[in-house]
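**Q** Okay, handing you the structure first.
The values are calculated or read from the model by the stated rules, or taken from the named source; none is laboratory data. Computed from a predicted structure; not experimentally measured. Note: ideal-geometry Cβ built from the backbone for every residue, glycine included; neighbour counts use all protein chains shown.
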């Protein structure tokens, strides 16, 4: 940007050839938008920018942040929203330095996803590689820069939503230090993680616009002669292993460039990184989530059914024996219909929360053994089988003839090395993530039992503060997201199965007849289990009726 402005001053180039003026950027946006779906809205006309170091710089703003004269829709397929009358503070700062907003950038709906496939405004096309996704959720912001419409756009980043689309579109994304850029006037996703930041063609352009976002009176000189004394950590091990060779090569080149500028690049290994999820579970106990929602300590949560069954036992209805080995598509259909509506109402009444919609999938449980190949249910007799907790898990292992042993997932390598267990009950992805073949797992027996489901909850206090339009937008965004999540779980399971096979784990899958016999056997203990868990009779009876209607034999 600065080079372009200087070139124009020296009459060496015309500014439009290097950095289009707002009118030209707007026209290019109009020309490209029908095919690339870059914007949710475009300006009718553009004013001359104020005097400043961003004078007449055309920018686009992700449709999560307020721009006077535009509606802020969060890319939602819900109803129309009235235009706002005041800029977000970040936008006001850029306008005060001379920037001109030409439109609102398209995005993944409600900033909840990475594909930027928007049901209302169209799928954002990646100009750098049209057959690939542009990334998300700030996909429009990155694609606008890649398409040479604007040199700079604004995006938001909660868990990668600036950096991922920038990488996918071959441009530069900058996630600033938390809270350095004000978020006033921007829709929250997770306030303690949300950031606003620029996406640009070049690092220098990000720095220039960042100065404007910081409200600095003039462009600072941030250039340095070398990086001497700067230590850069390069994460390896758990973080590097899934990367493709081309990505690793690009990372190598970046590190060589840093070292050339005299930075010290140090390899960092975190040998227990794969246990982060287990650690998180210890730091934020499962049982605390419903209480925190009820008290308004948190506004949104995605607790698992195992977390809710203590407060509303009917949440565990799909873990009952009659659901054993049932096709997940059937279970989803039931929980998306009358059975789910009944259980959701019971959860809402008991916890004083709002259930947003359909439940997300946590995948399926399988048995993995160390020294004994299992090819039938009878061979589970007497085996000490690890599980992570839950009344239904324990009861199922016992009903199949095994001995349930409750051991935290993080302690599995030691437990297996000491012979404390013969098998574990886990998802394929759990085994892949922890690389438990290194600890002695050799065989798998596909169990076909849904592990659990995740229930989308918001606190009543938060929900009542939202307008009907926002409520509808949030609900619609969740329904879209949960469909994508279920598809993702299927793919993750397939990918994990392939990895397990490549690492020597031999798999056996019982046929449908064997699963049906196992379900009938397990169902003999259902009455006692329902009584012990205090599952509502109405929910159990409706589940039976729905399964029978789906021709499930139990």
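**Q** For region 420-537, which strands (runs of 3 or more DSSP E) that fit wholly inside it have 1 or more residues that are within 23 Å of residue 318 (Cβ to Cβ)?
**A** Values: elements: 423-426, 443-450, 457-459, 506-508.
Here the list reads 423-426, 443-450, 457-459.
**Q** Of all residues in region 75-94, which are within 30 Å of the chain's Cα centre (by Cα) and at pLDDT below 95?
**A** 75, 76, 77, 78, 79, 80, 81, 82, 83, 84
**Q** Still on this structure: Scan (1) surrounded by fewer than 23 Cβ atoms within 10 Å (Cβ to Cβ); (2) in contact with a strand residue (DSSP E or B) (Cβ under 8 Å, 6 or more places away or on another chain); (3) closer than 19 Å to residue 301 by Cα; (4) at pLDDT 90 or above for the single condition residue 455 breaks and write down its number.
**A** Single failed check for residue 455: (1).
Results for (1) out of contact with any strand residue (DSSP E or B) (no Cβ under 9 Å at 6 or more places or on another chain); (2) more than 27 Å from residue 531 (Cα to Cα); (3) buried (at least 21 other Cβ atoms within 10 Å of the Cβ), shown as yes or no for each residue.
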| site | (1), (2), (3) |
| --- | --- |
| 351 | no, no, yes |
| 361 | no, no, yes |
| 394 | no, no, no |
| 418 | yes, yes, no |
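**Q** Would you call residue 412 under 30 Å from residue 462 (Cβ atoms) and touching a helix residue (DSSP H, G or I) at 6+ places or on another chain (Cβ under 8 Å)? Write out each step before concluding.
**A** On the way: under 30 Å from residue 462 (Cβ atoms): no; touching a helix residue (DSSP H, G or I) at 6+ places or on another chain (Cβ under 8 Å): yes.
Criteria not met by residue 412.
**Q** Do you know which residues across region 65-79 are buried (at least 18 other Cβ atoms within 10 Å of the Cβ) and either over 23 Å from residue 183 (Cα atoms) or in contact with a helix residue (DSSP H, G or I) (Cβ under 6 Å, 6 or more places away or on another chain) (or both)?
**A** Step one: of region 65-79, the residues buried (at least 18 other Cβ atoms within 10 Å of the Cβ) are 65-67, 70, 72-76, 78.
Scanning region 65-79 gives 67, 74, 75, 76, 78.
Conditions tested, residue by residue: (1) in a helix (DSSP H, G or I); (2) farther than 14 Å from residue 455 by Cα.
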position	(1), (2)
298	no, yes
307	yes, no
314	yes, no
317	yes, no
325	no, yes
330	yes, yes
334	yes, yes
341	yes, no
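**Q** Looking at region 236-260 only, could you name the residues that are assigned to a loop (DSSP other than H, G, I, E, B) and surrounded by 12 or more Cβ atoms within 10 Å (Cβ to Cβ)? Lay out the reasoning, then the answer.
**A** Pass one, region 236-260, residues assigned to a loop (DSSP other than H, G, I, E, B): 236, 240-244.
Passing the criteria: 236, 240, 243.
**Q** Give the residue that is nearest to the chain's Cα centre (by Cα), with candidates limited to residues of region 144-171 that are under 19 Å from residue 26 (Cα atoms) and part of a strand (DSSP E or B).
**A** Just the residues of region 144-171 that are under 19 Å from residue 26 (Cα atoms), to begin with: 144-155.
In the following step, the residues that additionally are part of a strand (DSSP E or B) were identified as 152-155.
Working: 152: 25, 153: 23, 154: 21, 155: 17 Å.
Going through the qualifying residues, I end up with 155.
**Q** Mind checking which residues of region 296-332 are without any contact (Cβ under 8 Å) to a residue 40 or more places away in the chain and over 20 Å from residue 392 (Cα atoms)? Show your work before the answer.
**A** Residues of region 296-332 without any contact (Cβ under 8 Å) to a residue 40 or more places away in the chain: 297, 307, 310, 312, 327, 329.
Correct list: 297, 329.
**Q** I'd like the residue in region 95-143 that is assigned to a strand (DSSP E or B) and modelled with pLDDT of 95 or more and, out of all such residues, is nearest to residue 488 (Cα to Cα). Give the steps one after another, and end with the answer.
**A** Going residue by residue through region 95-143, those that are assigned to a strand (DSSP E or B) are 100-105, 117-118, 122-123.
In the following step, the residues that additionally are modelled with pLDDT of 95 or more were identified as 100-105.
Working: 100: 39, 101: 36, 102: 35, 103: 32, 104: 29, 105: 26 Å.
Applying the filter and picking the extreme gives 105.
**Q** What tally of residues in region 211-235 results from selecting those that are surrounded by 13 or more Cβ atoms within 10 Å (Cβ to Cβ) and touching a strand residue (DSSP E or B) at 6+ places or on another chain (Cβ under 6 Å)?
**A** Of the residues in region 211-235, 3 are surrounded by 13 or more Cβ atoms within 10 Å (Cβ to Cβ) and touching a strand residue (DSSP E or B) at 6+ places or on another chain (Cβ under 6 Å).
**Q** Given the condition assigned by the TED database to the domain that holds residue 42, within 20 Å of the chain's Cα centre (by Cα) and not in a loop (DSSP other than H, G, I, E, B), answer yes or no: does some residue in region 66-74 qualify?
**A** For region 66-74, residues assigned by the TED database to the domain that holds residue 42, within 20 Å of the chain's Cα centre (by Cα) and not in a loop (DSSP other than H, G, I, E, B): absent.
**Q** On to the next question. Evaluate region 48-56: report whether one residue or more is buried (at least 24 other Cβ atoms within 10 Å of the Cβ) and in contact with a helix residue (DSSP H, G or I) (Cβ under 9 Å, 6 or more places away or on another chain). Lay out the reasoning, then the answer.
**A** Taking region 48-56 and keeping what is buried (at least 24 other Cβ atoms within 10 Å of the Cβ), we get 54.
Checking the rest, the ones that are also in contact with a helix residue (DSSP H, G or I) (Cβ under 9 Å, 6 or more places away or on another chain) come to 54.
Scanning region 48-56, I find at least one residue that is buried (at least 24 other Cβ atoms within 10 Å of the Cβ) and in contact with a helix residue (DSSP H, G or I) (Cβ under 9 Å, 6 or more places away or on another chain), so the answer is yes.
**Q** Hey, does region 400-407 have a residue that's in contact (Cβ under 8 Å) with a residue 24 or more places away in the chain and not in a loop (DSSP other than H, G, I, E, B)? Break it down into steps so the answer makes sense when it comes.
**A** Pass one, region 400-407, residues in contact (Cβ under 8 Å) with a residue 24 or more places away in the chain: 400-401.
Still in the running and not in a loop (DSSP other than H, G, I, E, B): none.
Within region 400-407, none of the residues are in contact (Cβ under 8 Å) with a residue 24 or more places away in the chain and not in a loop (DSSP other than H, G, I, E, B).
**Q** One residue is enough: does region 445-462 have a residue meeting the conditions within 18 Å of residue 489 (Cβ to Cβ) and free of Cβ contacts under 8 Å to residues at least 40 places away in the same chain? First the steps, then the outcome.
**A** Of all residues in region 445-462, those within 18 Å of residue 489 (Cβ to Cβ) come to 446-456.
Narrowing further to those that are free of Cβ contacts under 8 Å to residues at least 40 places away in the same chain: none.
Checked region 445-462: no residue is within 18 Å of residue 489 (Cβ to Cβ) and free of Cβ contacts under 8 Å to residues at least 40 places away in the same chain.
**Q** Of all residues being outside any strand (DSSP E or B) and more than 29 Å from residue 148 (Cβ to Cβ) in region 218-235, which is nearest to the chain's Cα centre (by Cα)? Just the residue, please. Walk me through how you get there before you give the answer.
**A** First pass over region 218-235, keeping only residues outside any strand (DSSP E or B): 218-230.
Add one more test, that the residue is more than 29 Å from residue 148 (Cβ to Cβ), and what stays is 224-230.
On the way: 224: 37, 225: 39, 226: 37, 227: 34, 228: 37, 229: 36, 230: 32 Å.
Top of the filtered list is 230.
Residues checked against (1) touching a residue at least 40 places away in the same chain (Cβ under 8 Å); (2) closer than 27 Å to residue 395 by Cα:
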position: 480; (1), (2): yes, no
position: 484; (1), (2): yes, no
position: 488; (1), (2): no, no
position: 497; (1), (2): yes, yes
position: 502; (1), (2): no, no
position: 516; (1), (2): yes, yes
position: 542; (1), (2): yes, yes
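**Q** Between 490, 534, which is surrounded by fewer than 17 Cβ atoms within 10 Å (Cβ to Cβ), at pLDDT below 90 and closer than 17 Å to residue 330 by Cβ? Reasoning before the result, please.
**A** Details: 534 fails: closer than 17 Å to residue 330 by Cβ.
From the options 490, 534, the qualifying one is 490.
**Q** In addition: Could you check residue 215 against (1) within 27 Å of residue 113 (Cα to Cα); (2) in the same structural domain as residue 152 (by the TED database); (3) assigned to a loop (DSSP other than H, G, I, E, B); (4) touching a helix residue (DSSP H, G or I) at 6+ places or on another chain (Cβ under 8 Å) and say which number it fails?
**A** Of the numbered conditions (1) within 27 Å of residue 113 (Cα to Cα); (2) in the same structural domain as residue 152 (by the TED database); (3) assigned to a loop (DSSP other than H, G, I, E, B); (4) touching a helix residue (DSSP H, G or I) at 6+ places or on another chain (Cβ under 8 Å), the odd one out for residue 215 is (1).
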